[in-house]
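Asks: If you scroll down you'll find the structure; I have some questions about it.
The values are calculated or read from the model by the stated rules, or taken from the named source; none is laboratory data. Owing to the predicted nature of the structure, the values given are computational and were not obtained by experimental measurement. For neighbour counting, all protein chains shown are included, and Cβ atoms are generated from backbone atoms with ideal geometry for every residue, glycine included.
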Amino acid sequence: MAPTGRCLNVAARASVGGSRNKGITMRIALLLSLAAASALAQVERQHGHHEHGRITLQLAQADGVLEVRLEAPGSDLVGFEHVPAGPAQQAAIDAALAILRDAPAWLEFTPADACTWEGSEAVAPGYGSSDGAGLDRADEDARHRHDHHDAHGEFHAVLRGSCRTGPAALRVDLHRHFPGVQRVRVDFINGNHQGQANLQGGKGVVDLQP
Ligand SMILES: [Zn+2]
């Protein structure tokens, strides 16, 4: 699958930060650039620019600090993107958020004890629900667009942790919880190594080593 411009942008920002040997300052810059790219993507999505059938997952691990970000169109996880039509649809959104916050339910490292999860957040902007605290201003703005007739609900999650060693691989299994997932685009920075992968059907193993 050909990489898209936005995801290439993540890699480009990462390499602009400097050579690979500038140590912790540059590594922090990598993490920040990933976060900035993600924030930019969120702003873009506010205008309905997400791509149905395509979930993005970004992993950054540097000096033992781990961050994973997921962005998914609502249609991929719960099958609808409009304001919930009743308690059942609201429950579906809440259940999806609970799963996304529970990293071990869909992410697994090799070796299994390479990293420890320490916190998570997940929100569903664009649905017009008041669920969850906003990850940032963009999400908060999205919650106020509840009367927008052209809703595009989506899911954003941020998972944080620490790693005692650089993980060798990441197993992703969103399919188990969300059978409708078609494709997960993974971009990662693991120490000094970066790469990408496309997981068809929402599950698979990403080799995180050079
Ligand atoms: Zn949509």
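Asks: Using the structure shown, decide if residue 38 is within 13 Å of the ligand (Cβ to nearest atom), at pLDDT 50 or above and part of a helix (DSSP H, G or I). Break it down stepwise before answering.
Replies: Working: within 13 Å of the ligand (Cβ to nearest atom): no; at pLDDT 50 or above: yes; part of a helix (DSSP H, G or I): yes.
It is false that residue 38 is within 13 Å of the ligand (Cβ to nearest atom), at pLDDT 50 or above and part of a helix (DSSP H, G or I).
Asks: Inspect all residues belonging to segment 72-79 and state whether any of them is of a type in the set (Asp, Glu), within 15 Å of the ligand (Cβ to nearest atom), in contact (Cβ under 8 Å) with a residue 40 or more places away in the chain and farther than 23 Å from residue 173 by Cβ.
Replies: Going residue by residue through segment 72-79, those that are of a type in the set (Asp, Glu) are 76.
Then drop every residue that is not within 15 Å of the ligand (Cβ to nearest atom), which leaves 76.
Now restrict to residues that are in contact (Cβ under 8 Å) with a residue 40 or more places away in the chain: 76.
Among the residues that remain, those that are also farther than 23 Å from residue 173 by Cβ are: none.
No, because not a single residue in segment 72-79 is of a type in the set (Asp, Glu), within 15 Å of the ligand (Cβ to nearest atom), in contact (Cβ under 8 Å) with a residue 40 or more places away in the chain and farther than 23 Å from residue 173 by Cβ.
Asks: Does residue 113 fit the bill of being modelled with pLDDT of 95 or more and surrounded by 14 or more Cβ atoms within 10 Å (Cβ to Cβ)? Walk me through it before giving the result.
Replies: Working: modelled with pLDDT of 95 or more: yes; surrounded by 14 or more Cβ atoms within 10 Å (Cβ to Cβ): no.
It is false that residue 113 is modelled with pLDDT of 95 or more and surrounded by 14 or more Cβ atoms within 10 Å (Cβ to Cβ).
Asks: Only one of 31, 100 is in a helix (DSSP H, G or I), modelled with pLDDT under 95 and away from the ligand (no atom under 16 Å from the Cβ); which?
Replies: Values: 100 fails: modelled with pLDDT under 95.
Answer to the selection: 31.
Asks: Next up: Quick one: is residue 89 in a strand (DSSP E or B), surrounded by 16 or more Cβ atoms within 10 Å (Cβ to Cβ) and away from the ligand (no atom under 12 Å from the Cβ)? Give the steps one after another, and end with the answer.
Replies: On the way: in a strand (DSSP E or B): no; surrounded by 16 or more Cβ atoms within 10 Å (Cβ to Cβ): yes; away from the ligand (no atom under 12 Å from the Cβ): yes.
Against the criterion (in a strand (DSSP E or B), surrounded by 16 or more Cβ atoms within 10 Å (Cβ to Cβ) and away from the ligand (no atom under 12 Å from the Cβ)), residue 89 does not qualify.
Asks: Would you call residue 152 outside any strand (DSSP E or B) and either modelled with pLDDT under 95 or not hydrophobic (A, V, I, L, M, F, W, C) (or both)? Outline the logic, then answer.
Replies: Values: outside any strand (DSSP E or B): yes; either modelled with pLDDT under 95 or not hydrophobic (A, V, I, L, M, F, W, C) (or both): yes.
When the stated conditions are applied, residue 152 passes them.
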